[in-house]
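Heads up, the thing below is written out as structure tokens.
Read the figures in this text as sums done on the coordinates, not as results from a lab. Just so you know, these numbers come straight off a predicted model, no measurement behind them. Cβ coordinates were reconstructed from backbone atoms using ideal geometry, including for glycine residues, and neighbour counts include every protein chain displayed.
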Amino acid sequence: MSVPNGLPNSDQSLLQTLDELSVSPYPAALLGFSLLAKGLSSSRPVQEVTTASGSGVKFLRSTAVSRPTKASCLTFGAANLLGAWITYDGEPVNGAGFNFAWSTLYVIVNGKAGIKSLFRGKVSPAAIGLLAVGNATLYGKKFFWPGLSAEDLRR
């Protein structure tokens, strides 16, 4: 059972807790707010590049788009917040499908860059990617198998 505020109780098993989180808007809201915060706080410093002979490669590298982009973070963040609202509004299965789709799309678009960011010393893109994978797993289970509960998994 859950306490009145919708958070899981401490005497539950992990499977029951995950089952209850799949009908709550909290994981989607966490991902949505994380993406919005990343999108609003990310800025890329302008690098001065000389255009002397042979520096075309340096110029292309300096103007390359780094992932996740600000537009990507804001778009996926807003979509995940909309999915959290759908879940909060009383449609847990439809909200789970919406959140599954947008979390999976985020991983497809920005997953590789999130892994590469670890080698550059940036943790936040990888952490947000891991959060998106968790949301896709959590909400995907609820969307594709809505009748399956924690008790059914134990059998």
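Net charge near residue 96, counting Lys/Arg +1 and Asp/Glu -1 over other residues with Cβ under 15 Å of its Cβ? Taking every other residue near residue 96 into account, the sum is -2.
Under 16 Å of direct C-alpha separation, and excluding same-chain neighbours fewer than eight residues apart, residue 38 reaches these lysines: 70, 122.
In order along segment 77-90, the phi-based Karplus estimate (6.51 cos²θ - 1.76 cosθ + 1.60, θ = phi - 60°) of 3J(HN,Hα) comes to x, 5, 5, 5, 5, 5, x, 5, 5, 4, 5, 5, 7, x Hz; Gly and Pro are listed as x. Test of understanding: what is the full-extension gain from residue 133 to residue 78, defined as 0.36 nm times their sequence separation minus their Cα-Cα distance? Going from the current span to full extension adds 18.1 nm.
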